[in-house]
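S.K.: Encoded as structure tokens, here's the structure I'll be asking about.
Throughout, read-outs are computed from the coordinates displayed, never taken from laboratory work. This structure is a prediction, so every number in the text was calculated from the model and none was measured. Glycine also receives a Cβ, built like all others from the backbone with ideal geometry; neighbour counts cover every protein chain displayed.
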Amino acid sequence: AQKVTQAQTEISVVEKEDVTLDCVYETRDTTYYLFWYKQPPSGELVFLIRRNSFDEQNEISGRYSWNFQKSTSSFNFTITASQVVDSAVYFCALSEARTGNQFYFGTGTSLTVIP
Amino acid sequence: DAGVIQSPRHEVTEMGQEVTLRCKLISGHNSLFWYRQTMMRGLELLIYFNNNVPIDDSGMPEDRFSAKMPNASFSTLKIQPSEPRDSAVYFCASSLGSGGGHGELFFGEGSRLTVL
């Protein structure tokens, strides 16, 4: 079973629009960690954020915000006022305490921001 | 601080040849991961080490693949013999992830392998 589901394979938005990337996870652990990574066209994987399961406080970093909801097992990522430089593939990932340092990545959402 | 360093960045080889990919961890990190990325299969975990010990190698495709950590800061991924279906981008990542602290993964820039 897929532990991390990113149902949106590809999204296109026009510059300055807001966009939300969905991430749904599955775990039986009470202690776990969630992550988002960005992979721009250059190919490197860039860490964006890490949350632990005990901290449901939403986080904002500039134009980026994350909405963590344990009730729906979701950890969604919103980009406000999107820019062309936001065009990338975004990956959501889960790490569970009981499986050590195993990371489970979603299949990624390819975001294209059209100028 | 230097990040995760991978070499070579690009490798083109012929089927049947041995390929060795190298990775230098971030100083102080104790977990090392090898991932493979293809269009068809996305990001696949091949193997990961904690404190130089292989913890999970269930993602290693077959016996042609082997990975080692000869010391705490360096790892190799070897493919012998290589096949065209091994063509992919191979990422190495490290983290500080023991004792319940699941640190984020820091990825290298990847090694793009093409097997002809």
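S.K.: Considering every residue in A:11-21, what mean count of other chain Cβ atoms within 10 Å of its Cβ is obtained?
M.R.: Per residue, the average neighbour count from other chains is 0.
S.K.: List the longest stretch of chain A that has no exposed loop site; here a site is one of the trypsin sites (Lys or Arg not before Pro) assigned by DSSP to anything other than H, G, I, E or B, with at most 14 other Cβ within 10 Å.
M.R.: The longest such stretch corresponds to A:64-115.
S.K.: At a Förster distance of 35 Å, what's the computed FRET efficiency of B:Met39 paired with A:Arg63, Cβ-Cβ distance as r, to 0.05?
M.R.: Plugging the Cβ-Cβ distance into 1/(1 + (r/R0)^6) gives 0.75.
S.K.: Springs between alpha-carbon pairs under 10 angstrom, Gaussian network model over chain A: which of A:Leu45, A:Leu94, A:Leu21 fluctuates most?
M.R.: Result: A:Leu45 has the largest fluctuation of those listed.
S.K.: Give me the inter-chain shielding for B:29-36: mean count of other chain Cβ atoms within 10 Å, whole number please.
M.R.: Taking the mean over all residues of the peptide, I get 1.
S.K.: Using +1 at the Cβ of each Lys and Arg and -1 at the Cβ of each Asp and Glu in segment A:1-84, identify which of A:Leu21, A:Ser42, A:Gln69 lies farthest towards the dipole's positive end.
M.R.: Of the candidates, A:Gln69 comes out farthest on the positive side.
S.K.: Could you sort out which of B:Lys24/B:Lys68; A:Lys38/B:Lys78; A:Lys38/B:Lys24; A:Lys16/A:Lys38 sit more than 24 Å apart by Cα distance in this structure?
M.R.: Over 24 Å Cα-Cα: A:Lys38/B:Lys78.
S.K.: Return the lysines within reach of A:Lys70: Cα separation strictly under 16 angstrom, same-chain partners fewer than 8 residues apart disregarded; answer none if there are no such residues.
M.R.: A:Lys3
S.K.: Further question: Report the calculated FRET efficiency for B:Arg64 and A:Asp55 (r = Cβ-Cβ distance, R0 = 41 Å), to the nearest 0.05.
M.R.: In this case the efficiency is close to 0.45.
S.K.: Treat every Asp and Glu Cβ in the protein assembly as shown as -1 and every Lys and Arg Cβ as +1, leave all other atoms uncharged, and give the resulting dipole magnitude about the Cα centre to the nearest 20 debye.
M.R.: The calculation lands at about 300 debye.
S.K.: Test of understanding: given chain B, find the longest segment containing no GluC sites (Glu not before Pro) that are in a DSSP loop and have at most 15 other Cβ atoms within 10 Å.
M.R.: B:63-116
S.K.: Please report the spacing between the Cα centers of segment A:73-114 and segment B:6-67 in Å, no decimals.
M.R.: Spelled out, the Cα-based centre of one part sits 22 Å from the other.
S.K.: Another one. What does the charge dipole of chain A about its Cα centre add up to, to the nearest 20 debye, if the Cβ of each Lys and Arg holds +1 and the Cβ of each Asp and Glu holds -1?
M.R.: So the magnitude is around 260 debye.
S.K.: Gain in length, A:Val13 to A:Val84, computed as 0.36 nm per residue apart minus the alpha-carbon separation, to one decimal in nm?
M.R.: 24.6 nm
S.K.: Tell me the relative contact order for chain B as a rounded percent, counting alpha carbon contacts under 8 Å between residues six or more apart.
M.R.: Reported as a whole number, the value is 37 percent.
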